[in-house]
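The values are calculated or read from the model by the stated rules, or taken from the named source; none is laboratory data. Predicted model only: the values in this text are computed from it and were never measured. So basically every Cβ, Gly included, is an ideal-geometry build from the backbone, and we count neighbours across all protein chains shown. Heavy atoms of the whole protein, side chains included, go into the accessibility calculation; ligands, DNA and RNA do not. Shrake-Rupley method; radii C 1.70, N 1.55, O 1.52, S 1.80 Å.
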Amino acid sequence: IPGSPVDHHGAPYAMTEEFTSVYRLHPLIPDDYRFQSLSDPAFSRYKTFMDIRGNGTRPLIFEIGIENVLYSFGLAHPGVIALGNYPRFLQTFTRIDGEIMDVAAIDIMRDRERGVPRYNDFRAMVRLPRIKTFEALNPEWAKSLSELYKGNIDRVDLMVGLFAECPPNGFGFSDTAFRIFILMASRRLKSDRFFTTDYRQEVYTPLGLNWINENGMKSVLLRHYPSLAPALKDVANPFAPWKNVHQPASM
């Protein structure tokens with residue numbers, strides 16, 4: 001895609017309602033966090049999301065240090081995108097102004113208000129087979145889902161169905177969601193002139209293009225925080241788990 005022509009695919013926007021709907025990945029966010037230290041193996045601090053969000057973020061960074069915060073996140077694992085794993089804090093999220101929100105309910109309401117199809121109709125529109133029974137969707141949650149939707153599989157909301165669907169081996173999310181992700185990833189780039197018609201040395205300069213081509217997330221992290229080098233040693237992809245610098249190497 002880099003350097004190819006801009007293509008909006010006949011629409012005056014880049015993001016679709018379908019993409020917004022499948023991009024609801026809140027189960028990735030943990031409720032609780034452990035912060036560790038690069039230099040002190042005995043250091044350990046436990047915080048909730050509400051402790052570290054908003055006005056609590058900067059004090060935490062000053063207390064623990066940005067390198068240790070990044071290191072701790074590098075060691076941590078995200079939550080599973082599945083039913084029964086929606087963050088507790090988002091179900092009773094207290095905004096800074098004091099209003100309490102159930103974000104899970106809001107996500108479902110938004111799909112309904114904007115006319116996004118329910119799960120089975122959505123699958124049909126992306127040329128996937130309709131799910132016939134609750135057991136076929138998810139055996140573990142079949143009884144609860146059937147009671148919730150009064151035995152009608154076609155009433156299952158899109159987000160609920162996406163979380164219930166068992167992903168293919170090696171996938172972090174459902175195949176249904178993947179169809180939209182893979183389409184929108186390229187569409188988003190094709191609609192951005194800085195990845196297409198303006199991805200050239202006259203805009204970026206030869207040095208700038210070389211820097212883009214020769215660097216990645218790992219080198220950017222090490223450029224700004226060289227103390228992370230032991231944790232990123234032998235880590236090819238910094239989005240994968242990092243090395244625990246205080247854990248003895250396996251024999």
- request: Might you check whether a residue that is assigned to a loop (DSSP other than H, G, I, E, B) and exposed (fewer than 14 other Cβ atoms within 10 Å of the Cβ) occurs anywhere in region 102-110?
  value: no
query: If we only count helices (runs of 4 or more DSSP H) wholly inside region 153-249, which ones have 2 or more residues that are open to solvent by less than 40 Å² (accessible area, probe 1.4 Å) and touching an Asp or Glu at 6+ places or on another chain (Cβ under 6 Å)?
result: 158-164, 175-190
- request: Being of a type in the set (Val, Ile, Thr) and modelled with pLDDT of 95 or more narrows it down to one of Ile182, Ile131, so name that one.
  value: Ile131
query: How about region 35-80: which helices (runs of 4 or more DSSP H) wholly inside it have at least 3 residues that are more than 24 Å from Lys233 (Cα to Cα) and open to solvent by 60 Å² or more (accessible area, probe 1.4 Å)?
result: 57-64
message: Which pairs turn up if I take residues in region 193-222 that are closer than 24 Å to Ala240 by Cβ and look for partners that are not in a helix (DSSP H, G or I) with beta carbon separation below 6 Å, at least 6 apart in sequence or on another chain?
response: Met217/Pro238; Lys218/Pro238
- request: Determine which member of the set Gly115, Gly98 is modelled with pLDDT under 95, within 27 Å of Asn55 (Cα to Cα) and assigned to a loop (DSSP other than H, G, I, E, B).
  value: Gly98
statement: The residue that is farthest from Ser174 (Cα to Cα), considering only those in region 1-24 that are open to solvent by less than 40 Å² (accessible area, probe 1.4 Å) and hydrophobic (A, V, I, L, M, F, W, C), is Ala11
